[in-house]
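> Take a look at the following structure, please.
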Amino acid sequence: MAPLIIQDTTLRDGEQTAGVAFTLEEKLAIARALVDMGVPELEIGIPVMGSEEQEVVRTLLALKLPARLVVWGRAHGEDIAAARRCGAPCLHLSIPVSEQQIQRKLGRDRAFVLAAIARHVQDALDLGMEVSVGAEDASRADPAFLLQVAEQAQRSGARRLRYADTLGVLDPFTTREVMANLRRHVDLELEMHAHNDLGLATANTLAAVLAGATHVNTTVNGLGERAGNAPLEEVVMALRHAGGRETGIDTRRLPAVSQLVVTASGRPVAANKSVVGEGVFTHESGIHVDGLLKSPLNYQGFDPAEVGRAHRLVLGKHSGAHGVSAAYRALGIELTPAEAQLILVRIRRLAVSEKRAPSADDLKRFHEEIASWPLAC
Ligand code: MN
C-alpha cells in the first residue's frame, strides 16, 4: 500500500485563524520542526496576499527543506502570477464547487467553474508548476458536479484533487462514500481537507483514508478557521491506532511542535486535548491509579512514550488509599493503611477548597499533622 502523505497546512490554513499571524522567524521554526519530524508536505502561504507573504514564501523555499512545499491560490490569473514570482514549484488552486458559492460568491455558473479549472491549470503547468485543484465547499456540492470537477482537473493535467469540507459539515459515513466514489472515477491523487465545526475532522480524515484518499491536510493543534482543521497529532495517532496506517512521522516530537505552535499562535490547547493536552496522561481516580500501579496496560490505550510522554499520577478528591501510599513511598515515607485513610481526608479537603493537587510540601505537612496526633484513630 502506498504510504499515506500528510500535507500540513499550519502555515496557511492554520494562520488563517482569526487573530493569528506568524512572524517570519516563527514560520521558519514551525516549518523546520515539521520537516524534522518527518512531515513530507507543507502548505506554506498565499503569494497573492502581497510582497511580504511572497518574501516569506521565498525564504521558506530557499531553505531547501527535504519536503514538498506548496503555495495556495485561487483559480485566478493574478494568484498564479504571484506564485510564479516566488518561484513556487507546487501550486494549489482553489475554486468553489457548491451551488451556494458558485452563485452567491463567484456570481457564476458550473460551466464557468469547469472552464476556469481547464484554463488556470494549463496556465500553471505552462509556467512549470505542479498543480493541485482544490474543490472548495465540496461537501455541499452536487455529487454529480463534483465528479465533473474531478474529471476536468484530471483532463487538464492536475496531479491532485483536494476535497475540502470547508465548513466542517461532513460525517465519517458520508465522507467514506464520496471519497470512494471519487476514487472510482479518477486516477488523481485525492486529498482530504477536513474542518472541525462538528468535532468530526479527525474522524472524517480517517474515513477518507479508508476510502482511498492518498493525502490528508492537518494543522498542529487543529489550528485553523473557526473550529479549526484536522489536528496533525490526532490524525497521525488515530491512523496508527485506529486505522492501521503509518505516516512516517516521529510522533515523539508531537508535544514539542504543539508547544511551538501554541507560543507562535497565542492559542493554548485544552488540558484534555487528545495526544498533546497537559492532562491526557494524568490520573487521579482511585480505581484507575490502582489499576495502573498493578499494570499500566489496564488503563493505557497507547503508550504515552510514543509521544515522548509518561503517565503521571496525581492526588485529588477521587484518589484512593493505594495512590496515597504510592505517592508517600515516592517521598520515602511508608504509611500504614490507617494513616493513608486519614491523609486521604485532608487531600480531598484541599482538592475541593483549592482546586489543585497537593504539593510535596502539603503531603509532608499532612504526614506531620497525623504523626503528631497519634490518638486520632
Ligand atoms: Mn480550510
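The values are calculated or read from the model by the stated rules, or taken from the named source; none is laboratory data. In this text the structure is predicted, and so the values were computed from the model without any measurement. Glycine gets a Cβ as well: all are built from the backbone with ideal geometry, and neighbour counts include every protein chain shown. These accessible areas exclude ligands, DNA and RNA; they are computed on the full protein's heavy atoms, side chains included. Shrake-Rupley method; radii C 1.70, N 1.55, O 1.52, S 1.80 Å.
> Please list, in chain and number order, the residues 5+ apart from Arg68 or on another chain whose amide H is under 5 Å from its amide H, with Hs placed from the backbone.
Glu41, Leu42
> Nearest 500 deg cm²/dmol is fine: what mean residue ellipticity at 222 nm does the chain get from its DSSP H runs of n ≥ 4 alone, each adding -39,500 (n - 2.57), divided by its residue count? Walk me through the numbers before you get to the answer.
On the way: 13 runs with 161 residues, N = 377.
It lands at -13500 deg cm²/dmol.
> Right, another one. Can you compute the charge dipole magnitude of region 172-307 about its Cα centre, using +1 on each Lys and Arg Cβ and -1 on each Asp and Glu Cβ, nothing else charged? Give it in debye, rounded to the nearest 20.
80
> Rounded to a whole number, what % of the accessible area of region 1-139 do carbon and sulfur atoms account for, probe 1.4 Å?
53
> Rank Lys27, Lys364, Lys355, Lys273 by accessible area, highest first, at a 1.4 Å probe radius?
Lys355, Lys364, Lys273, Lys27
> In region 97-193, with Lys and Arg counted as +1 and Asp and Glu as -1 at Cβ, which of these residues, Ala180, Leu127, Ile117, has the Cα nearest the positive end of the dipole, that is, farthest along it?
Positive-most Cα among the choices belongs to Ile117.
> Is any residue of region 127-155 close enough, with backbone N under 16 Å, to a label point placed 7 angstrom from the Cα of Ala81 along the Cα-Cβ axis, and if so, which?
127
> Continuing with the same structure: Rounded to the nearest 10 degrees, what's the angle between the helix 254-265 long axis and the longest principal axis of the chain, both from Cα atoms, 0 to 90?
Its long axis makes an angle of about 70 degrees.
> How much length is gained on full extension from Glu177 to Ala360, taking 0.36 nm per residue of separation minus their Cα-Cα distance?
Computed gain between Glu177 and Ala360 is 60.4 nm.
> Right, another one. Could you run the Karplus curve 6.51 cos²θ - 1.76 cosθ + 1.60 with θ = phi - 60° over region 206-213 and give me ³J(HN,Hα) per residue in whole Hz, x for Gly and Pro?
Going residue by residue, I get 4, 5, 4, 5, 4, 8, x, 4 Hz, with x marking Gly and Pro.
> Return the sequence-ordered ³J(HN,Hα) values of region 90-95 in whole Hz as given by the Karplus equation 6.51 cos²θ - 1.76 cosθ + 1.60 applied to θ = phi - 60°, using x for Gly and Pro.
10, 10, 9, 10, 9, 8
> Okay, next question. Which residue fluctuates the most in the chain, going by a Gaussian network model with Cα springs under 10 Å, if the choices are His322, His195, His120?
His322
> Would you kindly derive the ³J(HN,Hα) couplings of region 12-23 from the backbone phi angles with the Karplus curve 6.51 cos²θ - 1.76 cosθ + 1.60 (θ = phi - 60°), listing them in order in whole Hz, with x for Gly and Pro?
10, 5, x, 6, 6, 3, 4, x, 9, 8, 9, 7
> Further question: Please work out how much accessible surface Val220 shows to a 1.4 Å probe, ignoring ligands, DNA and RNA, in Å² rounded to 10.
Its accessible surface works out to 0 Å², give or take rounding.
> Using modelled amide H (1.01 Å from N, peptide plane; none on Pro or chain starts), what sits under 5 Å from the amide H of Glu225, excluding residues fewer than 5 places away?
Result for Glu225 returns Thr17.
> State the answer as a single residue: which of Leu350, Val56, Ala141 lies farthest towards the positive end of the charge dipole of the chain, with beta carbon charges of +1 for Lys and Arg and -1 for Asp and Glu, about the Cα centre.
Leu350
> Additional query: Counting Lys and Arg as +1 and Asp and Glu as -1, each charge on the Cβ, what is the dipole of the chain about the Cα centre in debye, to the nearest 20?
Its charge dipole is roughly 300 debye.
> Right, something else. Taking only protein heavy atoms and a 1.4 Å probe, what accessible area per residue, in Å², does the chain have with all protein chains in place?
45
> When the distances between all Cα atoms of the chain are binned every 10 Å from zero, what whole-number percent does each bin get?
For the chain, the binned pair fractions read 5, 21, 27, 19, 11, 9, 6, 2, 0 percent.
> State whether region 132-223 is rounded, prolate or oblate according to the following rule on the C-alpha gyration tensor (a ≥ b ≥ c being the square roots of its eigenvalues): a/c under 1.5 gives rounded; otherwise a/b larger than b/c gives prolate, and the remaining case gives oblate.
Prolate.
> OK, next. Within the chain, how many Lys pairs that are eight or more residues apart, or on different chains, come under 28 Å at the alpha-carbon?
Within the chain, the lysine pair count is 11.
> Sticking with this structure for a sec: Pull out a ≥ b ≥ c, the square roots of the eigenvalues of the alpha-carbon gyration tensor of region 282-376, then state rounded if a/c is under 1.5, prolate if not and a/b is larger than b/c, and oblate in the remaining case.
prolate
> Would you grab the residues whose amide H sits under 5 Å from the one on Ser94? Only those 5+ places off in sequence or on another chain, please, with H modelled 1.01 Å from N.
Under 5 Å from the amide H of Ser94: Gly73, Arg74, Ala75, Gly134.
> In region 282-376, carbon and sulfur make up what percent of the accessible area (probe 1.4 Å)?
On the way: 3210 of 5590 Å².
Here carbon and sulfur together make up 57 percent of the probe-accessible area.
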